[in-house]
Amino acid sequence: MKQSSLFDANCMLGRRSIHTPLGQPLTVTELLAEMDRLGIGEALVFHAMALDGHPAEGNERLLREIAGQARLHPCWVLLPTCGEMPPPAQLVATMKRRGVRAARMCPVRHRYRFTQENVGDLLAQLEKARIPVFADFDVVRWSEEKTDWRSLVELCGRYPKLPFVVVGEGFGAPRRIFPFWRRHDNLYLETSYYQPHQGLSDVTRRFGPERLLFGTGLPYKAPGPPLMQLRYDFLDDGERTAIGGNNLRRVLGLARSPIRPFPPSRVADLPGHPILDAHVHLGTWFSSYVNAGDAERLVRSMDRLRIQAMALIAFDSIAADMRGGNDRVFAAMQKYPGRFLGYATVDPNEPKAMARELERCFDKLGFHAIKFHCETHGVPADHDHYRPALEFANEHGLAVLIHGRITEKMLVEFPRAQFLSAHVGGWDGREPHYAVELAKRHPNIHMELCASTVYNGVLEKLVEEVGPDRIVHGSDAPLMDPGYQLGRVLAARISARDKKKILFDNAAKLFRWNQRA
Ligand SMILES: [Zn+2]
C-alpha cells in the first residue's frame, strides 16, 4: 500500500459562541496534539469566528493562527456578494494569492439561499480558479431536511468543473444523494456524520471510492466514530487511502502532501476482550435507507469488529407486527447460536396480547430483555398499556430498553426491573439530561449510548456523572454502522477498564449473558 496520511476534510479552529465545557482542542497546538493522538496527518480548517462572528474577520484570524503549519490547510468561509466581502473575481484572486485552496459556504447559519441568483457569480469564479466549495447546511440530526438538494443538483449541472462537497450529512442522505450521483460526478460527501451500516463500502461499490472525503467535525464532534468506520468498513487499501485523504488532495489540487506519511494511531485498535452491542435492529425501516440489515451481514460486521453478540430488535415489531418481528429475531438466534440476544418488543396498542407474548418469548424462545419503542407506537412508557410488561420485568428482574421517557415513578414502582434509557449518547453535555439525573438517585436505571450525533467529550462527562458501571454500549445498527458507534467508546479519554465495562461487562450482567467467545 502506498503510504499516505489521513487528511481531515472537516475541521474547525477555535471555539463557537455556545458554551463549551468539554475540553475540546481549540488552539492550533491543542488541535495538532489531538491529530497526533488520532493519527491524522493533515486537516482542512476553517475558523470558528468565520462561522459565528464574521467570515472576513474569521478568515484573517485563520491565516494568522495557522501560519507556518504545513499540516493545516486554510479554508475560507464566504458570503454572497452584498458588499460585505470583495467582489467575486477579486476575492477569489486573493484566495489564490494567499494559498487558500477551499471555500466553505454556510447558507443556513448565515441566512441566505444557496441558489444561482444568490451565489452564482461567486461559484463561477471559484470554478474558474478550481477552488472547491464545501456546502454546510448546519445539519445537526440525521432526520433534518435542511440541505437544499434541489439547488445543489442544479448548481452541480451549471458548474460541472466545480467540486461541491456536502458536509455533515447523516444516514438519512442516501435516498437524496444516490439518485444525484448517477447524474453528477462533481458532488462529494464528507463523512464525519455519514454512518449507514457498511456505508462507505456501500457507496464505493455503487459509485466508486472517489465521492467520499474523510472528515471528523473536530473539535465539536467526537473524531473516533468516523475514524473507526473508515478503518473497519469493507474497503481495500486503495479505497481506504482514497477516502482517507487522496480524494481531498485531488479536489484541492495538492499534487503531493507537504508532510511525510503519518503513522496510523492505536486509538482505533480493537480491544482484546469481547464486545456486546446492546441495541441492534433487524430488517428494514420506513424513514431511512438501511443497508445490510439482515442477520448474515450483521454477523459479517460482528466478525470484523470482534463483537461477540448483538441484542436484536426487529424493525417489524416496532412497527405494527409485534409477534412476527419477535419471530424473526428468534430465527436469527437459531441460525447463529451465541451471536444474537433477543429483545421481546411489546406493542402497547395490543395491551391484552402483551403478557402472553412475553411468556412465549421468555419461556419458549429464550429471549433476554424487553424493548419499548414509545415513539413509533405513540404511547408513553408510563401509560397503563405498558403495565403488563413492567410487571413481568419486575417479577423476573429483566432489562427493559426504552426509547421514550422513563419516569421516577416507574423506577420506584418496579425496583427489580432494570431500565435502559436508549440514546443517551446523543447528549450534548451542556443542559442536564433527565436520565442522568435519575441515575444519581436510583440504582435501576442505566444509560444506553447509541446516537447518530456524537459530541466530543460527552462519554467522558457521562462516566464522571454516573460512573462506569451503568453505561452500556449500543450501536443502533444497521441504521448506524457498528464500527462508527464503537469509535465513541474506543477513542474516548477514559480508562481501558471503564471501556471494558461499557463494551461488555455491564450489558452481560443485565442480559445475564455468560457465553464467552
Ligand atoms: Zn433503535
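Laboratory data are not the source of any read-out in this text; all were calculated from the coordinates shown. The structure presented is a predicted model; accordingly, all values stated were derived computationally and were not measured. Please note: Cβ atoms are built from the backbone with ideal geometry, for glycine as well, and neighbour counts cover all protein chains shown.
Could you tell me how many degrees, from 0 to 90 and to the nearest 10, lie between the Cα long axis of helix 149-158 and the main elongation axis, the longest principal axis, of the Cα atoms of the chain?
30
Search the structure for amide H atoms under 5 Å from the amide H of Leu282, placed 1.01 Å from N in the peptide plane, and list their residues when 5 or more places away or on another chain.
Ile313, Ala314, Phe315
Report the normalised scattering of region 6-252 as log10 I(q)/I(0) at q = 0.17, 0.18 Å⁻¹, calculated by the Debye formula with identical scatterers on the alpha carbons.
Computed log10 I(q)/I(0) values: -1.38, -1.57.
Where the only charges are on Cβ atoms (+1 Lys, Arg; -1 Asp, Glu), what is the dipole of the chain about its Cα centre, to the nearest 20 debye?
Value, rounded to 20: 1440 debye.
If you put +1 on each Lys and Arg Cβ and -1 on each Asp and Glu Cβ, how big is the dipole of region 270-511 around its Cα centre, in Debye rounded to 20?
It works out to roughly 700 debye.
If amide H atoms are built 1.01 Å from N in the plane of the peptide, which residues on other chains or at least 5 residues away come under 5 Å of the amide H of Phe340?
Met310
Along the charge dipole of region 270-511, which of Phe504, His281, Met354 sits closest to the positive end, that is, farthest toward it, with unit charges on the beta carbon of Lys, Arg, Asp and Glu (+1, +1, -1, -1)?
Phe504
Quick one: which residues, 5 or more positions from His446 or on another chain, have an amide H under 5 Å from its amide H? H modelled 1.01 Å from N in the peptide plane, none for Pro or chain starts.
HN-HN under 5 Å from His446: Phe419, Leu420, Ser421.
Just want the answer: with Cβ charges of +1 for Lys and Arg and -1 for Asp and Glu, which residue in Leu438, Gly467, Thr204 is farthest toward the dipole's positive end in the chain?
Projecting each Cα onto the dipole axis, the largest value belongs to Thr204.
What distance in nm separates the two pseudo spin-label positions at Asp327 and Leu365, each 7 Å out from Cα along the beta-carbon direction?
It is 1.0 nm.
What dipole magnitude, in Debye to the nearest 20, does region 266-344 give about its Cα centre under +1 on Lys/Arg Cβ and -1 on Asp/Glu Cβ? Let's see the in-between values first.
Numbers: 9 positive and 8 negative charges, 46 e Å.
In debye, rounded to 20, region 266-344 gives about 220.
Using Stokes-Einstein with the Kirkwood hydrodynamic radius over Cα pairs, what translational diffusion coefficient do you get for the chain at 10 °C and a viscosity of 1.306 mPa s, in µm²/s rounded to a whole number? Working shown, then result.
On the way: Rh = 23.8 Å.
Approximately 67 µm²/s, per Stokes-Einstein.
Can you give the FRET efficiency to the nearest 0.05 for Arg183 and Lys509, using r as the Cβ-Cβ distance and R₀ = 41 Å?
Working: r = 52 Å, r/R0 = 1.27.
Efficiency, from the Cβ-Cβ distance: 0.20.
Calculate how steeply helix 55-66 sits against the longest principal axis of the alpha-carbon atoms of the chain, using the helix alpha-carbon long axis, and give the answer as 0 to 90 degrees to the nearest 10.
Approximately 90 degrees, to the nearest ten.
Determine the calculated [θ] at 222 nm for the chain from helices alone, applying -39500 (n - 2.57) to every DSSP H run no shorter than 4 residues and normalising by the residue count; nearest 500 deg cm²/dmol. Provide the component values of the computation, followed by the final result.
Details: 23 runs with 194 residues, N = 517.
Using -39500 (n - 2.57) per qualifying helix, the result is -10500 deg cm²/dmol.
So which aspartates and glutamates pass the test for Lys461, namely a Cα distance under 15 Å, with those fewer than 8 places away in the same chain ruled out?
Asp428, Glu431, Glu437, Glu448, Asp469, Asp498
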